[in-house]
Amino acid sequence: MLRVITRNSPSTYFQDRNGETGFEYELVKRFADDLGVELKIESADNLDDIFSSLNREKGADLATAGLVASPARLGKARFSLPYMEVTPQIIYRQGQRRPTRPEDLISKRIMVLKGSVHAEQLANLKLQFPELNYEESSAVEVVDLLRMVDEGQIDLTLINSNELAMNQVYFPNVRVAFDLGDALNLAWATAPGEDTSLLDEMNAFIERAIANGSLQRLKDRYYGHVDVLGYVGAYTFAQHLQQRLPRYEKYFKEAGATHGIDWRMLAAMGYQESLWEPTATSKTGVRGLMMLTLRTAQAMGVSNRLDPKQSINGGAKYIKVVRDQLPESIQEPDRTWFALAAYNIGSGHLDDARKLTKAEGLDPDKWLDVQKILPRLSQKQWYSKTRYGYARGGEPVHFVRNIRRYYDILTWVTQPQLEGSQVAEGTLHVPGIDKRPPATQTTPL
Ligand code: BLG
């Protein structure tokens, strides 16, 4: 058995509707699987407890918690090869004056995690600027620090860039003031000692995960939304999540329940289509929160496309129609991505793209293959050979990619939902804080 100690937070380890998850958790789970041993996860309340567990008889074998291999920690643990590079960042609240250099931290209310490298950094800075004051707390997590900045309870905090990337979507008011110091490396930790067998295995695993690309894929999955949204997009999304989504959440849930679709998938579609704006209109005259064409709206019984309730219900009905038209050979989760593509480009064009995919020797039932071919629908040499002709084939590729990201974010920030159960309104939460047991797994559509 591999006993692992970690922290309960969005970037490390938390429960979602499918059970245990989180970047650090998934990485260490693969390590345990490779070793062929059972994984036992324990979560510590604070950083000091992590290191004392490693050093205790019958404590954890390994710690993974976004830990920086800092010199001050070398007596308490041995560190693996690094698996991620991060930058320490001073975080402030938008609307306040932006600090730009270390001197600007003087006479601000600053809080960091007790026992963190950030506390070490501030202690060093205090040698240079004795007037600098800061608090260290072992009662909070990084998400609490960000919330306190977001709500104005403290002025500043110091956290790692990956933590901000993961949490920006929950806290619309927090911004990076400046990077404090050089990039740092995150690593796994194990107890000090002579025996290097576990450490050797850890290092070999990390080397393999780097070489075979699996580490990068995991990073993309957890941090990739930042690439799609960008930082501006991430905090805009956070603002819209607080200001716009609550107005329509009820309709998404109702339509989801009526048509048997995860409401967060509908909400993700609505965000991609209109940024949750019921009066949105595209250049092509497609309108409303779910961007229905006139023809589709009529077919779905929508009389007023600008009415958000009707639009959402029409969109839900339509995605179900196009999903049901797909051949049985397309299985989940690809079935969901194909249904989204059909929603955007139409079933006929999607079928054309699948035929071109097959002709290319690729698999017409796999989204990964079909998305490569879809852009050809806008090139004459290809579309002239198809039944339905020209289409903006690149659009559904972005469409699906973005919706998948929005859906991921929405599943993090909403309560686990049991299919068909009533969920209270305004249920946005931060994973890792809500400790309710996860719901049973449902497919998104
Ligand atoms: C979709 C329709 C499909 C239709 C395709 O266009 O609209 N979907 C909906 O109305 C929900 O029914 O398929 S067809 O009926 O089989 O032809 C193809 O015409 C909408 C798309 C079009 C797109 N947004 C939903 O995703 C859009 O507005 N594109 C224009 C973007 S821009 O403003 O010009 O940049």
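Counting only protein heavy atoms, what percent of the accessible surface of the chain is carbon or sulfur at a 1.4 Å probe?
Working: 9450 of 20010 Å².
Roughly 47 percent, rounded to a whole number.
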### Query
Setting aside same-chain residues fewer than 8 positions from K366, which lysines have a Cα under 20 Å from its Cα?
K320, K355, K358
### Task
For the chain, report the accessible area per residue in Å² (1.4 Å probe, heavy atoms, rounded to an integer).
45
### Summary
antiparallel share of DSSP beta bridges within the chain, to nearest 5, in %, is 60
### Message
Apply the a/c threshold of 1.5 to the C-alpha gyration tensor of segment 36-85 and tell me whether it is rounded, prolate or oblate.
### Response
oblate
### Message
Once you order the gyration tensor axes a ≥ b ≥ c over the Cα atoms, which shape class does segment 339-392 get: rounded for a/c under 1.5, otherwise prolate or oblate by comparing a/b with b/c?
### Response
oblate
### Task
Lys and Arg at +1, Asp and Glu at -1: add these up for the other residues within a Cβ distance under 10 Å of L294 and post the number.
+3
### Query
Of the residues E151, E26, E38, which exhibits the maximal mean-square fluctuation in a Gaussian network model of the chain defined by a 10 Å Cα contact cut-off?
E38
### Query
Sorting K219, K355 by accessible area (1.4 Å probe), largest first, what list results?
K355, K219
### Task
List the relative contact order of segment 247-363 as a percent without decimals, with contacts defined as Cα pairs under 8 Å and 6+ residues apart.
18
### Task
Under 14 Å from the Cβ of L198, count the other residues' Cβ atoms, weight Lys and Arg +1, Asp and Glu -1, and hand me the total.
-4
### Summary
To the nearest 20 debye, segment 276-397 has a Cα-centred charge dipole, built from +1 on Lys and Arg Cβ and -1 on Asp and Glu Cβ, of 440
## Note on the structure
Taking a straight Cα-to-Cα line shorter than 16 Å from K219, and setting aside same-chain lysines fewer than 8 residues away, one finds K29
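Write down Rg/Rh for segment 109-193, rounded to two decimals, with Rg from the C-alpha atoms and Rh from the Kirkwood relation over Cα pairs. Don't skip to the end; give the middle numbers.
Numbers: Rg = 13.6 Å, Rh = 13.9 Å.
When Rh is taken as the Kirkwood radius, the ratio is 0.98.
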### Query
Ranked from highest to lowest mean number of other Cβ atoms within 10 Å per residue, what is the order of the peptides 395-406, 65-76?
395-406, 65-76
#### Entry: Relative frequency of Cα-Cα separations exceeding 30 Å in the chain, percent
51
### Message
Just to compare against my own numbers: the Cα pair-distance distribution for segment 1-136, 5 Å bins, whole % per bin, please.
### Response
2, 8, 16, 19, 17, 13, 11, 7, 4, 2, 0
### Task
For segment 307-317, just list the computed ³J(HN,Hα) in residue order, Karplus coefficients 6.51, -1.76 and 1.60, θ = phi - 60°, integers in Hz, with x standing in for Gly and Pro.
7, x, 5, 5, 4, 5, 5, x, x, 5, 5
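In debye, nearest 20: dipole of segment 159-256 around its Cα centre with unit charges on the Cβ of K, R (+) and D, E (-)? Intermediate results must be reported in sequence, preceding the final value.
Details: 9 positive and 12 negative charges, 182 e Å.
Here the size comes out at about 880 debye.
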### Query
Which lysines, on any chain, are close to K250 with Cα under 17 Å apart, when same-chain ones fewer than 8 places away are left out?
K309, K317
### Query
Any idea what the dipole of the chain comes to, in debye rounded to 20, about its Cα centre with Lys/Arg Cβ at +1 and Asp/Glu Cβ at -1?
2080
#### Entry: Pair R401, Q128: separation of 7 Å Cα→Cβ label points (nm)
4.0
### Query
Could you give the length gained on full extension between V176 and D48, defined as 0.36 nm per residue of separation minus the Cα-Cα distance, in nm?
43.4 nm
## Note on the structure
The Cα extents of segment 152-196 along the principal axes, largest first and rounded to whole Å, are 47, 23, 19
### Task
With a point put 7 Å past each Cα toward its Cβ, work out how far T236 is from Q381 in nm, to one decimal.
3.6
### Message
Restricting to bridges with both residues inside segment 1-133, how much of the DSSP beta-bridge set is antiparallel, in percent to the nearest 5?
### Response
30
## Note on the structure
Diffusion coefficient in µm²/s returned for segment 276-349 by Stokes-Einstein, Kirkwood Rh over C-alpha pairs, 20 °C and 1.002 mPa s, is 170
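If Lys and Arg each add +1 and Asp and Glu each add -1, what is the summed charge of the other residues whose beta carbon sits under 15 Å from the beta carbon of R305? If you can, show how the numbers build up before the last one.
Details: positive: R287, R295, K309, K317; negative: E273, E277, D307.
It works out to a net charge of +1.
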### Task
Would you work out which of L199, P82, G59 lies farthest towards the positive end of the dipole of the chain, given +1 charges on the beta-carbon of Lys and Arg and -1 on that of Asp and Glu, about the Cα centre?
P82
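Using only DSSP helix segments of four residues or longer, with each worth -39500 (n - 2.57), what per-residue ellipticity at 222 nm results for the chain after dividing by its residue count and rounding to 500? Display every interim value, and only then the final one.
Details: 16 runs with 201 residues, N = 445.
Dividing the helical sum by the residues of the chain leaves -14000 deg cm²/dmol.
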### log10 of Debye I(q)/I(0), alpha-carbon scatterers only, for segment 190-288 at 0.15, 0.17 Å⁻¹
-0.78, -0.88
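Could you estimate the translational diffusion coefficient of segment 242-389 from the Stokes-Einstein equation, with Rh from the Kirkwood formula over C-alpha pairs, at 25 °C and 0.890 mPa s, in whole µm²/s?
Values: Rh = 16.0 Å.
Calculated translational D: 154 µm²/s.
The values are calculated or read from the model by the stated rules, or taken from the named source; none is laboratory data. Since the structure is predicted, the reported quantities are computational estimates derived from the model, not experimental observations. In this analysis, Cβ positions are derived from the backbone assuming ideal geometry, glycine residues included, and neighbour counts consider all displayed protein chains. Note: accessible area is taken over every heavy atom of the protein model, side chains too, but ligands, DNA and RNA are not part of it. Shrake-Rupley method; radii C 1.70, N 1.55, O 1.52, S 1.80 Å.
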